[in-house]
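Read the structure below first, then the notes.
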Amino acid sequence: FGASCTDELGDAEGCVGLGSLLLATAANKKDSKQAVDLFKKGCDLADPYGCMYYAYELSSGANVSKNQSDAVTYYETACLGGVAAACTHGGLVARSINNAFKAQRLFRLGCDRGDAEGCRELAAQQP
């Protein structure tokens, strides 16, 4: 993975794969932070899973400063990139920061893309 995530090659999938490996085996905060940076780089290179993993890190605040608003943006990017679960997760975070319009939009996208949890959340919002 490491060789594919260089500035010369810029392989988004390689960046996300290396980030996942680093996070799973992280021995310290430096490794965890590097993993998060790799997710962000993968996202910047248009890998929707990189965006989803980076969004998770932003929403949890475990390995990077917590930022729910940015998390919603990155979840939405992953969602629009085809990751249905990211739509729903983005909706949950949007709802937690009182953005009901964005939450409903993301739940609808998740449901439309086949995520059952997105459909349940959407139905629960109906009067």
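The values are calculated or read from the model by the stated rules, or taken from the named source; none is laboratory data. Bear in mind the structure is a predicted one, so any value in this text is a computation, not a measurement. Here Cβ is always computed from backbone atoms with ideal geometry, including for glycine, and neighbour counts include all displayed protein chains. Quick note on the areas: whole protein, heavy atoms, side chains included, nothing else; ligands and nucleic acids left out. Shrake-Rupley method; radii C 1.70, N 1.55, O 1.52, S 1.80 Å.
Brief remarks follow.
- Among the residues of the range 74-111, the one identified as outside any helix (DSSP H, G or I) and buried (at least 19 other Cβ atoms within 10 Å of the Cβ) is V83.
- Subset of the range 60-73 [surrounded by 22 or more Cβ atoms within 10 Å (Cβ to Cβ) and within 17 Å of D37 (Cβ to Cβ)]: A71
- Of all the listed residues (A35, A55), the sole one being assigned to a helix (DSSP H, G or I), open to solvent by less than 30 Å² (accessible area, probe 1.4 Å), within 29 Å of C5 (Cβ to Cβ) and in contact with a His (Cβ under 9 Å, 6 or more places away or on another chain) is A55.
- Against the criterion of being over 15 Å from the mean Cα position of the chain (by Cα), surrounded by fewer than 24 Cβ atoms within 10 Å (Cβ to Cβ) and of a type in the set (S, T, N, Q), S20 does not qualify.
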